[in-house]
1. Evaluate the Debye formula for region A:8-99 with equal point scatterers sitting on the alpha carbons, no solvent, and hand back log10 of I(q)/I(0) at q = 0.11, 0.13, 0.17, 0.25 Å⁻¹, in q order, two decimals.
2. Taking neighbour counts of Cβ atoms within 10 Å as a proxy for exposure, in what order, fewest first, do B:184, A:68, B:123, A:80 appear?
3. Between residue B:190 and residue B:32, what length in nm is gained on full extension when 0.36 nm per residue of separation is reduced by their alpha carbon distance?
4. As a test, work out the antiparallel percent of DSSP beta bridges whose residues both lie in region B:105-216, rounded to the nearest 5.
5. Which value, in Å³ per residue, describes the convex hull spanned by the Cα atoms of region B:177-306?
6. Mind listing the Cα extents of region B:106-232 along all three principal axes, in Å, largest one first?
7. Based on the alpha carbon coordinates of region B:238-284, what radius of gyration and maximum Cα-Cα distance (Dmax) apply, in Å?
8. Please compute the length gained on full extension between residue B:202 and residue B:166, using 0.36 nm multiplied by the number of residues separating them and subtracting their Cα-Cα distance.
Ligand SMILES: [Mg+2]
């Protein structure tokens, strides 16, 4: 597995995964979701729990008429600071790790 | 409305089913864009039968035709990527397109799942020059919804539609009356709206090969020869058409049919197949808010003999259960016991669903309606297979067969566009 250190210029370095995850999220009274903590299956079949330290950006889109929110987040993963993107699909209520 | 200052847009999605699938896949992390390789949307490849429903532009050199069998398409293009149809996705994309267009004009006509007319008359005070606005609309659709459209701009629906069919994809074209001679008359006559295959060969026999030749023919002779259709196509060739934007969905009938994965030999299996087909037809009826006035079914046996049977409904409906019951009755009257390979269900004589006759005999319409509405909502939210009838478990049949509804018979030309 490739490791990207301090992927500040993340757009170029992150890999598209679009992997479904289990999510604990916080929704405001206005219905605005924010990811809090999620569990993701790893290639070896074990699970990793990641606490979302910071949500840096939030972007809505509706490609193919299917609304999704993309969050750019930051966490400490395996002792390293990482940037990654998470997606929330409104119609199915599914969360994905989009790019990491 | 003064016809002089009308500005009509015709918005046509490029390779609609394929583009929509491609956009959906990209959104879900696909790295390959189906539009950039030879690809097609086709009937389920795991069953015995399937046809090409839409194809990407890179298939052009292989001369694959829409409606052609998957088998023959693969012979022409062995590396063709075929993806199955996804009816709900198409409805979702079509709705998103319409709601984006509604920002630009209150007068919109859905002509088909991927074609929309928009009346831009007098809208320039809000959105500026029509051609600039058409470009903005086109670019917003591409940017926000992830697929491309062609927009035809003119002073009536016919010319706008002809214009959107010029060079594709992702283009705006105009075809105003003064441009007819230069842009439309040189085209082959079969490219004129309403000129079908039969009319084309009649026209060819008289030496009429281009739209221009048709336009300068004597309308009286055409009328004598081809009756009212002759006059009509002469008018169209001259760009004469003034139908209004119809906000009502104009489809006259819709049907769904499928070749079964195995021959149905008994009544129960056939009934189950009819249920599967009826589910999709009824859902689509509810979606466009129409009741069926006539229901027909068709069957094809192992020897490819086809039979059909229809009934006018005492009470028009779009209830899955009621339509399914009638389909079964029709089937029992029609079927002679032979093994069947293909079944079809079709609804026609559609009426608006907000007016219905109360019948003492058919009872609980409201309850049926509530049930259907609930199921539709769940399916829209969680997908087609989120709710299914338990009779499909272990049956080998899909709970919603066919996949793509065939919508037919737009009103004829006098009222057609
Ligand atoms: Mg199209």
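Read the figures in this text as sums done on the coordinates, not as results from a lab. Since we're looking at a predicted model, the values are computed, not measured. Positions of Cβ are generated from backbone atoms using ideal geometry, with glycine treated the same way; all protein chains shown enter the neighbour counts.
1. Results for region A:8-99 at q = 0.11, 0.13, 0.17, 0.25 Å⁻¹ read -0.30, -0.42, -0.73, -1.55.
2. Result, fewest neighbours first: A:80, B:123, A:68, B:184.
3. My answer for the length gained is 53.3 nm.
4. Around 60 percent antiparallel, to the nearest 5.
5. Values: hull volume 24.8 nm³, N = 130.
Measuring per residue, one finds 191 Å³ for the Cα hull of region B:177-306.
6. On the principal axes, region B:106-232 reaches 49, 28, 25 Å in Cα extent.
7. My reading of the Cα-based Rg and Dmax gives 18.5, 56 Å.
8. On the way: separation 36, 0.36 × 36 = 12.96 nm, distance 2.50 nm.
Going from the current span to full extension adds 10.5 nm.
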